[in-house]
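Participant: Here's a structure for you.
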Amino acid sequence: MRPEIGTREPLAFALFSPEHEGMTTAAPPGPTRAPAGPRHAPVWAAAFAGLAAGIVTVGVGALVAVVAGASTDPLVAVGSAFVDETPTWLKDFAASTFGTADKAVLMIGEVVVLAALAALAGVLAARRWVWGAAVVVVLGLVAMAAALGRPDASWTAMVPSLAGTVAGLWTLKALVDRLPREAARGTRRGATDGEVPGDRAGAAGPDRRRFLQAAGAATALGLVGVAVGRVAGAAGRAVTAVRDTIRLPAARVTAAPVPAGVQVEGVGPWATPPDDFYRIDTALVVPQVDPTTWTLRVHGLVEREVELTWDELLASDLVEAWVTLCCVSNPVGGDLVGNQKWLGLPVRELLARARPTGDADMVLSRSADGWTASTPLTALTDERDALLAVGMGGAPLPVEHGFPVRLVVPGLYGYVSATKWVTELEVTRFADATAYWTDRGWSPRGPVKTQSRIDVPRDGAQLDAGEVVVAGTAWAQHRGITRVQVQVDRGPWQDATLAESGGIDSWRQWSWRWTVDEPGRHELRVRAFDPDGPQTGAVADVVPDGATGYDFVQVSVG
Ligand SMILES: Nc1nc2c(c(=O)[nH]1)N[C@H]1C(S)=C(S)[C@@H](COP(=O)(O)O)O[C@H]1N2
Ligand SMILES: [Mo]
């Protein structure tokens with residue numbers, strides 16, 4: 001069935017009636033007859049017109065966003081609003097693990113939905129211009145609202161969506177006016193000259209060609225706009241260039257040298273290369289924060305507001321510390337955890353300048369893109385190395401990891417402490433304010449739970465009988481790992497050998513020699529101890545405050 005759209009019939013009829021019932025009765029069979037009665041635009045052509053107009057909208061939006069800022073790109077703005085406004089969806093997919101793949105899936109889904117709506121706009125516009133135009137305007141308004149609703153938005157944020165909408169409307173009008181209007185030709189059986197039904201519009205000749213040329217040109221121009229917008233946008237987001245020119249000062253307090261014995265052979269690197277460091281955030285485009293205009297405002301329940309600039313920060317006494325960062329969404333055995341050397345100003349020194357008042361118990365940190373974390377005040381004022389970090393692994397922070405400045409707090413999950421692209425510290429109370437993930441069902445406080453992981457052998461490995469090295473890592477930031485034990489087939493727990501410690505804020509590798517002569521399947525489990533005792537074996541999901549349970553691998557021997 002290939003329904004066609006007339007200008008009189010009710011839409012539902014036009015869209016859904018079987019073709020052979022015809023929308024006009026006047027047209028006699030036979031493809032070469034002169035049309036009679038109302039002329040119809042084929043649905044495919046109307047849909048194509050809408051799609052082309054949609055692509056022009058997106059292309060113009062992307063181009064204007066090169067100037068207005070990547071977060072104002074209509075697709076990005078709508079996607080970001082979706083991320084923020086859909087708590088249950090995010091929760092169900094445990095999407096605080098918002099990794100790169102999830103972001104790609106989101107954008108693809110958005111493009112598919114938008115394409116369908118654009119095609120619908122075309123079909124509607126072919127029938128009544130105002131209906132199609134209304135769809136485009138509503139989509140444009142949604143994009144404008146989404147862009148204006150971004151935390152970092154000024155009024156100019158709406159300009160890309162507005163420009164795109166105007167261009168899209170204009171394109172839609174131009175294409176709808178050029179739609180090939182064909183007479184309905186009666187029944188399928190009436191196509192006597194060997195045409196297949198799907199090819200009937202081919203008889204329309206110049207009309208159809210003109211339309212296809214116009215719609216094709218619009219599509220191509222729109223796609224060029226998207227491509228140029230993306231490339232120019234990426235080039236224009238030149239904080240990478242600024243970052244490359246930065247030379248960080250030496251630390252006043254350097255980290256103690258890392259003992260060679262922290263590393264167990266076969267286990268991943270104790271110091272996670274920044275390029276391999278897991279990345280979790282809600283940002284669809286990485287915020288581009290220029291250090292020369294960056295400031296950090298400390299305000300709220302303080303005796304004195306403090307504003308810090310980049311130069312002042314670099315001129316402060318900076319401290320180096322190795323800290324293992326992990327995500328609350330890390331499942332047992334997962335890899336949303338990494339260890340690095342950070343360089344920054346102890347937050348306690350900054351807060352000491354602001355002097356929090358006695359009733360304060362929380363610091364709500366806020367990023368350039370409006371994300372927030374609630375950190376217990378004590379974790380930022382006690383002796384631990386809670387840092388306003390500028391360096392990671394001896395270099396400025398990578399842009400995805402928070403350039404120019406982020407927080408790193410030993411002992412707390414990232415979602416309550418590790419604000420990247422940080423611009424604000426509001427001293428407040430847990431009773432008075434909530435943070436991004438707290439509003440989405442996660443616990444307001446997020447102390448790291450003691451965890452351990454088996455890295456070798458891999459789950460499902462085939463092993464030869466004899467001696468097998470079982471090894472992995474364990475973490476209990478700011479308490480320290482005191483012991484690791486391994487269990488074979490639910491037998492007695494046996495002490496593993498701990499690698500050397502790189503400090504209680506870093507993870508600790510371990511290994512155990514397993515002599516196995518019994519062929520068949522075996523299960524290995526691990527548990528770690530901190531000074532308070534063993535980690536819990538009770539299985540808990542990541543929501544609302546971190547997964548628990550023992551990591552295990554199953555292997556076959558023989
Ligand atoms: N601005 C901002 N900072 C953020 C987040 C975010 O979504 N936005 N996610 C947090 C979470 S949940 C984690 S686990 C850590 C991850 O830091 P990383 O990406 O450098 O590993 O960043 C934290 N800081
Ligand atoms: Mo996280």
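Participant: Dipole magnitude of the range 231-358 about its Cα centre, charges +1 at Lys/Arg Cβ and -1 at Asp/Glu Cβ only, in debye to the nearest 20? List each step's numbers first, then the result.
Facilitator: Numbers: 11 positive and 15 negative charges, 44 e Å.
Roughly 200 debye for the range 231-358.
Participant: Another question, if that's okay. May I ask for log10 I(q)/I(0) of the range 260-440 at q = 0.11, 0.12, 0.15, 0.16 Å⁻¹, from a Debye sum over the Cα atoms as equal point scatterers with solvent left out?
Facilitator: -0.45, -0.53, -0.83, -0.95
Participant: Mean residue ellipticity at 222 nm from the helices of the chain, using -39,500 (n - 2.57) per DSSP H segment of n ≥ 4 over the full residue count, to the nearest 500 deg cm²/dmol?
Facilitator: Numbers: 12 runs with 175 residues, N = 558.
Calculated mean residue ellipticity at 222 nm is -10000 deg cm²/dmol.
Participant: Tell me which residues come under 5 Å, amide H to amide H, from E182 once H is placed; ignore anything under 5 positions away on its chain.
Facilitator: It is H40, A41, by chain and number.
Participant: Moving on. Rg and Dmax in Å for the range 451-557, alpha carbons only: what are they?
Facilitator: 14.0, 42
Participant: Right, another one. In percent, what relative contact order does the chain have, based on Cα pairs under 8 Å that are 6 or more apart in sequence?
Facilitator: Working: 1251 pairs, mean separation 75.5, N = 558.
That works out to 14 percent.
Participant: Now a separate question. What are the radius of gyration and Dmax of the range 209-291, computed over its Cα atoms and given in Å?
Facilitator: According to the Cα coordinates of the range 209-291, Rg and Dmax are 23.2, 74 Å.
Participant: Give a residue-ordered list of calculated ³J(HN,Hα) values for the range 454-469 (Karplus: 6.51 cos²θ - 1.76 cosθ + 1.60, θ = phi - 60°; whole Hz; x for Gly, Pro).
Facilitator: My calculation for the range 454-469 gives 9, 9, 9, x, 6, 4, x, 5, 9, 10, 7, 4, x, 9, 10, 8 Hz in order.
Participant: Would you mind checking which residues have amide H under 5 Å from L463's amide H? H placed 1.01 Å from N; only 5 or more apart, or other chain.
Facilitator: S556, V557, G558
Participant: Here's a follow-up. Determine the order of I55, I108, I454 by accessible area, beginning with the largest, at a probe radius of 1.4 Å.
Facilitator: On the way: I55 40, I108 110, I454 10 Å².
Ranking I55, I108, I454 by accessible area, largest first, yields I108, I55, I454.
Participant: Please give the solvent-accessible surface of E500 in Å², to the nearest 10, using a probe radius of 1.4 Å with every protein chain present.
Facilitator: My reading of the accessible area for E500 is about 100 Å².
Participant: Angle, helix 159-177 long axis vs. longest principal axis of the chain, Cα atoms, 0 to 90°, nearest 10?
Facilitator: 30 degrees
Participant: If you don't mind, another one. Through the Karplus equation 6.51 cos²θ - 1.76 cosθ + 1.60, θ set to phi - 60°, convert the phi angles of the range 336-345 into ³J(HN,Hα) values in whole Hz; use x for Gly and Pro.
Facilitator: 8, 7, x, 10, 8, 9, 9, 10, x, 8
Participant: Also, I was wondering about something else. Taking a cut-off of 21 Å, what percent of all Cα-Cα pairs in the range 274-362 are separated by more than that?
Facilitator: 54 percent
Participant: ³J(HN,Hα) across the range 505-520 via Karplus (A = 6.51, B = -1.76, C = 1.60, θ = phi - 60°), whole Hz, x for Gly/Pro?
Facilitator: 8, 10, 5, 9, 7, 8, 8, 8, 8, 10, 9, 10, 10, 8, x, x
Participant: Further question on the same structure: Can you list, largest first and rounded to whole Å, the semi-axes you get for the chain by taking the square root of 5 times each eigenvalue of its Cα gyration tensor?
Facilitator: Values for the chain, descending: 57, 32, 19 Å.
Participant: Separate question: With a sphere of radius 14 Å drawn around the Cβ of P206, what net charge do the other residues whose Cβ falls strictly inside it have (Lys, Arg +1; Asp, Glu -1)? It would help to have the intermediate numbers written out before the result.
Facilitator: Values: positive: R178, R181, R208, R209, R210; negative: E182, D207.
Computed value for this residue: +3.
Participant: Same structure, new question: Lys pairs in the chain, Cα-Cα under 21 Å, at least 8 apart or on separate chains: how many?
Facilitator: Values: K91/K103; K91/K449; K103/K420; K341/K420.
Pairs that pass both the separation and distance tests number 4.
Participant: Something else: Whenever you get a sec, compute what percent of the accessible area on the chain sits on carbon and sulfur atoms (1.4 Å probe).
Facilitator: On the way: 13920 of 24020 Å².
Ligands and nucleic acids excluded, carbon and sulfur reach 58 percent.
Participant: Among G300, A540, A116, whose Cα lies farthest out toward the positive end of the dipole of the chain, if unit charges sit on the beta carbon of Lys, Arg (+1) and Asp, Glu (-1)?
Facilitator: A116
The values are calculated or read from the model by the stated rules, or taken from the named source; none is laboratory data. Just so you know, these numbers come straight off a predicted model, no measurement behind them. Every residue, glycine as well, gets a Cβ built from its backbone with ideal geometry; the counts of neighbours run over all protein chains shown. What goes into the accessible areas is simple: the full protein's heavy atoms, side chains included, and nothing from ligands, DNA or RNA. Shrake-Rupley method; radii C 1.70, N 1.55, O 1.52, S 1.80 Å.
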